[in-house]
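Heads up, the thing below is written out as structure tokens.
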Amino acid sequence: MSGLKVLSIASEIFPLIKTGGLADVAGALPLALAREGFTTRTLAPGYPGLLAKLDSTERVHSYNSLMGGPARVLAAKAGALDLFVLDAPHLFARPGGPYAGPDGADWPDNAIRFGAFCRVGADIAKGAVASFSPDILHAHDWQAGLAAAYLHYDGGPRPGTAITIHNLAFQGVFSSLLLEELGLPPEAMATEGVEYFGGIGFLKAGLYFSDRITTVSPTYAREIVTPEGGVALDGLLRSRGADLVGIRNGIDDDVWNPATDELLAQAFDATHLAQRPANKAALQKRFDLDIDGDAPLFGLVTRMTAQKGIDLLLECLPLLLAEGGQVALLGSGERALQDGFAAAALAHPGRVGCAFTYDESLAHLIQGGADFIVIPSRFEPCGLTQLCALRYGSTPIVARVGGLADTIIDANDAALAAQVATGVQFAPPDADQLAAALRRAIAIYRDPPAMERMRLNGMRSDVSWRIPARQFAGLYNELVNERAAFAGLA
Ligand code: ADP
């Protein structure tokens, strides 16, 4: 089926507003789906930074009062993206990030901010904007979770609904006292509703009411139905098992293309690998590392949280340095982790360099210049940095969890013999196993033909949205057929 319309609901979207992988997915999937014949419009909150980046806007719907203030829905374009933007100053016209103020504390009214966002998503799904009546509503993460609940309690015709879990750890749980303010009926406060451990669970509601649940890799889809990986939602997810599918993320291979990337010191591709080392030298210079083409250079591009396991790399630093390695870390997040790396950089000048910031262009230089990208995550729904690394010829060293397990072929004896390895995996995610993985990686680095083979294997892996977009197309078509059958019965 083609010509179908998808309303995507996402609280961040690259390149307009981004705190993590959700933004990359929300920005890239519509473009990949367009090639499958689907028209996507993404509903995004009108944060000041996002409003400032729109190319054109047109008011298509208004609210005299949307949970505490007037609001407008703008149809907007930003580059190749078609958007609906919820312009609601009382909810979104603030400094700081999408979810927290400049002091890092969550906005106290996040339930209302994203409840209103979901209410508008449900209204558009039901035809509030006559020019775009969607066939599918695709919600992303807890911030969009209530949309399917509103559709349920509103009753009446509705499109098929899907929700994607990008990270089950973020669940959006709020006080039950907000039920009325959110415009939900009293009966919603039930296990068969939005109730979650006595509060209102936005993600829980989305998982309960959506026709389909997707998550961002097949392995993560298996992990989250277990008590160990289910973050208290495994029971619900098991009960929805028939409707749960793991579809791995891709990356936008126009944004991430080493052959045309102007953020690199030197563009390169698999047939011009000799040009790549110019980026390693530029990276060493940028991080005040010794300019040394022979030193294995380990890069990290990461949020600095316990999830990402970067404390394990700190534990392995003595080994890495003893083997002549260097570290370039780009990341921001928890203070204690930053302090640990800052101390390491101070203790090992020329060998360990850190940039505690969020810097899109520096991320490209690390991917294009490092020999290895280290991702020791304790859990990882999909992970995008290993996909970028593959495309840019920096070999991923990853914990064998979630999407990292699905997207990297470990350099074990069989894979090396068959010349198909693309990286090094280790399990379980602890310092001993990471140390063993680093030793294996360094041994391969010291065998230049083997290293080049692994680099090229990575660069030739398909990390694009082509295959996952086809899977989404299949899922959307199923949903539309189901709704048509339902309407036929009604
Ligand atoms: P998560 O969403 O858990 O943070 P992902 O690997 O799925 O992890 O996505 C992270 C995205 O954010 C990638 O595109 C990565 O390049 C980017 N990123 C993370 N930290 C930084 C940073 N400090 N500077 C620039 N980009 C970053």
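The values are calculated or read from the model by the stated rules, or taken from the named source; none is laboratory data. Please read these numbers as outputs of a predicted model, since none were measured by experiment. Virtual Cβ from ideal backbone geometry, glycine too; neighbours counted across all protein chains shown. In case anyone asks, the SASA skips ligands and DNA or RNA and just uses the protein heavy atoms, side chains included. Shrake-Rupley method; radii C 1.70, N 1.55, O 1.52, S 1.80 Å.
List of remarks:
- Neighbours by Cβ (under 6 Å, 6+ apart or cross-chain): first from the range 350-361, more than 15 Å from GLY20 (Cβ to Cβ); second assigned to a loop (DSSP other than H, G, I, E, B) and open to solvent by less than 40 Å² (accessible area, probe 1.4 Å): GLY353/PHE287
- Count - residues of the range 119-140 that are touching a strand residue (DSSP E or B) at 6+ places or on another chain (Cβ under 7 Å) and open to solvent by less than 20 Å² (accessible area, probe 1.4 Å): 12
- Per-region count, the range 273-314, residues out of contact with any helix residue (DSSP H, G or I) (no Cβ under 8 Å at 6 or more places or on another chain), within 16 Å of the ligand (Cβ to nearest atom) and among the polar types (S, T, N, Q): 1
- Filter result (in a helix (DSSP H, G or I) and within 16 Å of the ligand (Cβ to nearest atom)) within the range 219-252: THR219, TYR220, ALA221, GLU223
- Taking the criterion of being closer than 22 Å to TYR392 by Cα, of a type in the set (Lys, Arg) and part of a helix (DSSP H, G or I), the residues of the range 455-487 that qualify are ARG455, ARG466.
- Residue in the range 297-304 that is open to solvent by less than 60 Å² (accessible area, probe 1.4 Å), of a type in the set (S, T, N, Q) and part of a loop (DSSP other than H, G, I, E, B) present: no
- Qualifying residue in the range 187-195 (condition: of a type in the set (D, E, K, R), open to solvent by 50 Å² or more (accessible area, probe 1.4 Å) and in contact (Cβ under 8 Å) with a residue 60 or more places away in the chain): no
- For the range 377-404, the set of residues classified as farther than 13 Å from LEU456 by Cα and either more than 13 Å from the ligand (Cβ to nearest atom) or among the acidic types (Asp, Glu) (or both) consists of GLU380, ILE397, ARG400, listed by residue number.
- Boolean, ALA23 is within 16 Å of the ligand (Cβ to nearest atom) and either within 27 Å of LEU384 (Cα to Cα) or buried (at least 17 other Cβ atoms within 10 Å of the Cβ) (or both): yes
- Residue identified as under 23 Å from LEU4 (Cβ atoms) and open to solvent by 10 Å² or more (accessible area, probe 1.4 Å) among PHE209, PHE174: PHE209
- Residue pairs whose Cβ atoms lie under 8 Å apart, sitting 6 or more positions apart in sequence or on different chains, and linking a residue in the range 165-180 that is more than 16 Å from the ligand (Cβ to nearest atom) to a partner that is open to solvent by 50 Å² or more (accessible area, probe 1.4 Å), are VAL173/PHE197; SER176/MET189; LEU179/PRO186; LEU179/MET189.
- Put simply, of THR407, THR422 the only residue that is in contact with a Leu (Cβ under 8 Å, 6 or more places away or on another chain), among the hydroxyl-bearing types (Ser, Thr, Tyr) and within 16 Å of the ligand (Cβ to nearest atom) is THR407.
- The single condition among (1) assigned to a helix (DSSP H, G or I); (2) open to solvent by 10 Å² or more (accessible area, probe 1.4 Å); (3) over 22 Å from ILE17 (Cβ atoms) that TYR150 does not meet is (2).
- LEU31 being open to solvent by 10 Å² or more (accessible area, probe 1.4 Å), modelled with pLDDT of 95 or more, within 18 Å of the chain's Cα centre (by Cα) and within 29 Å of GLU478 (Cα to Cα): yes
- Residues in the range 1-20 that are away from the ligand (no atom under 16 Å from the Cβ), within 17 Å of ILE165 (Cα to Cα) and of a type outside the set (S, T, N, Q): LEU7, ILE9.
- When residues of the range 1-20 are limited to those that are among the polar types (S, T, N, Q) and open to solvent by 50 Å² or more (accessible area, probe 1.4 Å), the one nearest to the chain's Cα centre (by Cα): THR19
- Verdict on GLY333 being open to solvent by 10 Å² or more (accessible area, probe 1.4 Å), away from the ligand (no atom under 16 Å from the Cβ) and at positive phi: no
- Screening ASP294 with (1) assigned to a helix (DSSP H, G or I); (2) open to solvent by 20 Å² or more (accessible area, probe 1.4 Å); (3) closer than 19 Å to ARG440 by Cβ gives one miss only, at (1).
- Matching residues, the range 234-263, being touching a residue at least 60 places away in the same chain (Cβ under 8 Å), surrounded by fewer than 21 Cβ atoms within 10 Å (Cβ to Cβ) and over 21 Å from LEU16 (Cα atoms): VAL245
- Strands (runs of 3 or more DSSP E) enclosed by the range 368-454 - at least 2 residues per element that are open to solvent by 10 Å² or more (accessible area, probe 1.4 Å): none
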